[in-house]
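S.K.: Mind having a look at this structure? Questions to follow.
We did not get these values from a lab; they are worked out from the coordinates using the rules stated. Everything numeric in this text was worked out from a predicted model, so none of it was measured. Heads up, the Cβs are rebuilt from the backbone with ideal geometry, glycines too, and the neighbour counts pull from every protein chain shown.
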Amino acid sequence: MDRIFMTREEAIHLLLEAHKAASGQGVASDSPDDDAFGQLHTIDRLLLDVRAGRVDEFHFGEDSAAQITITD
């Protein structure tokens, strides 16, 4: 597993891009599946926690391939 160091601002930007990509997945189908909703919920919760400063490390990417460490 890779460890990536980034600022809180960079981490928020990364999560916003992931949210945009995940929300675009459900547009093509009439009824988005539970997995897409679960993924969006997880990203939303993580985004709130990172913004509030409650989270300084999290796993991100395909099968949690990278550990993000926030350095302020």
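S.K.: Full extension from residue 56 to residue 23: what is 0.36 nm times the residue separation minus their Cα-Cα distance, to one decimal in nm? Please report the intermediate quantities before stating the final value.
M.R.: Working: separation 33, 0.36 × 33 = 11.88 nm, distance 2.45 nm.
Roughly 9.4 nm would be gained on extension.
S.K.: Also, quick follow-up: Please work out the FRET efficiency for the pair residue 4 and residue 42, using the Cβ-Cβ distance as r and a Förster radius of 22 Å; give the result to the nearest 0.05.
M.R.: The computed FRET efficiency comes out at 0.75.
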